[in-house]
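Trainee: Quick one: structure below, then a few questions.
The values are calculated or read from the model by the stated rules, or taken from the named source; none is laboratory data. Remember, predicted model here, so these are calculated numbers, not experimental data. Please note: Cβ atoms are built from the backbone with ideal geometry, for glycine as well, and neighbour counts cover all protein chains shown. SASA here: full protein model, heavy atoms, side chains in, ligands and nucleic acids out. Shrake-Rupley method; radii C 1.70, N 1.55, O 1.52, S 1.80 Å.
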Amino acid sequence: MSIPDDGSPVIATPRLKLRAPRAADAPKIAALANDPDVARMTTRMPHPYSLADAETFLEACASQDPTQETVFAIEHDGEGLVGMLGFHPDEDGRTELGYWLGRPHWGQGLATEAAGAALVWAGQDWKRRYLLAGHFADNPASGQVLCKTGFLYTGDVVLRHSLARRAPAPTRMMVWLA
Ligand SMILES: CC(C)(COP(=O)(O)OP(=O)(O)OC[C@H]1O[C@@H](n2cnc3c(N)ncnc32)[C@H](O)[C@@H]1OP(=O)(O)O)[C@@H](O)C(=O)NCCC(=O)NCCS
């Protein structure tokens, strides 16, 4: 596996640094991601989540086109890697925000801090004028993070498949304007 040192962006917040993921992150990602209550709130994370899943994910990150898609490791100043955040194109080429934090790090405002700073970067440096996000209807915490960072509900509720649930789930769509 090779993850190039390509001068990718680093976003600093009071408690966090958002930086390009690297191969050495795999064990920590696997440890935090192997939690059904993390995976089931996402579309793409499997459960159980193995070290091989983390390595495959990191290989995919390394081959992304950074003009279209970008992933950040969320690194806490004291705790090290606490989660991941990414901007990904949807099937229509529109960019969507996604994120997760490991359970020990919930409830401290870290997702709001990370997403807020990433959105500033996306608007100012990545030159995105609007972004989408969707959260499963049974995930009000993520809805709260998105509301606090400036997303608004579009009113659309779509069914999206969750790999970990092995089922589709109603997903509330939101939009953010730069
Ligand atoms: C969702 C997630 C990212 C939130 O991370 P976090 O760092 O705990 O989030 P924050 O502390 O920044 O904010 C959470 C907000 O949700 C609120 N909240 C938490 N549980 C809630 C619930 N059951 N109902 C309503 N609001 C809730 C919190 O009170 C807080 O809002 P407040 O600051 O206004 O009080 C984290 O729980 C997670 O990773 N979950 C699993 C993966 C996931 O859901 N990813 C997002 C997919 S769309």
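Trainee: What is the set of long-range amide H partners of LEU163 at a cut-off below 5 Å, with H atoms built 1.01 Å from backbone N?
Mentor: Long-range HN contacts for LEU163: ARG44, MET45.
Trainee: With θ set to phi - 60°, apply the Karplus curve 6.51 cos²θ - 1.76 cosθ + 1.60 along segment 79-86 and write out the HN-Hα couplings as whole Hz, x wherever there is a Gly or Pro.
Mentor: Values per residue, Gly and Pro as x: 9, x, 5, 10, x, 9, 9, x Hz.
Trainee: So what is the relative contact order for the chain, in percent, with contacts set as C-alpha pairs under 8 Å and at least six apart?
Mentor: Values: 311 pairs, mean separation 39.0, N = 178.
Once normalised by length, the contact order is 22 percent.
Trainee: Treat segment 40-178 as a sphere of radius equal to its Kirkwood radius over Cα pairs and apply Stokes-Einstein at 37 °C in a medium of 0.692 mPa s; give the translational diffusion coefficient in µm²/s, rounded to a whole number.
Mentor: For the chosen part, D equals 210 µm²/s.
Trainee: Over all distinct Cα pairs, what is the inverse of the mean 1/r for segment 33-92, reported as the Kirkwood hydrodynamic radius in Å?
Mentor: 12.9 Å is the Kirkwood radius here.
Trainee: What accessible area per residue comes out for the chain, rounded to a whole number of Å², with a 1.4 Å probe?
Mentor: The answer is 50 Å² per residue.
Trainee: While we're on this one: Counting only other residues whose beta carbon sits under 12 Å from that of LEU51, what net charge do I get with K and R as +1, D and E as -1?
Mentor: Details: positive: LYS28; negative: ASP25, ASP53, GLU55.
In short, -2.
Trainee: HN-Hα J couplings of segment 122-130 from phi, Karplus 6.51/-1.76/1.60, θ = phi - 60°, integer Hz, Gly and Pro as x?
Mentor: Values, residue by residue: 5, x, 7, 9, 8, 6, 8, 8, 8 Hz.
Trainee: Leaving out same-chain residues fewer than 8 places away, which lysines sit with a Cα under 22 Å from that of LYS127?
Mentor: LYS17, LYS148
Trainee: Right, another one. Which percent, to the nearest 5, of DSSP beta bridges fully inside segment 6-143 are antiparallel?
Mentor: 95
Trainee: Please list 3J(HN,Hα) in residue order for segment 97-114, calculated via the Karplus relation 6.51 cos²θ - 1.76 cosθ + 1.60 where θ = phi - 60°; whole Hz, with x for glycine and proline.
Mentor: 8, x, 6, 8, 10, x, 3, x, 10, 6, x, 10, x, 6, 5, 5, 5, 5
Trainee: Can you give me the % of accessible surface on the chain that is carbon or sulfur? Probe 1.4 Å, all protein chains present, nothing else counted.
Mentor: 54
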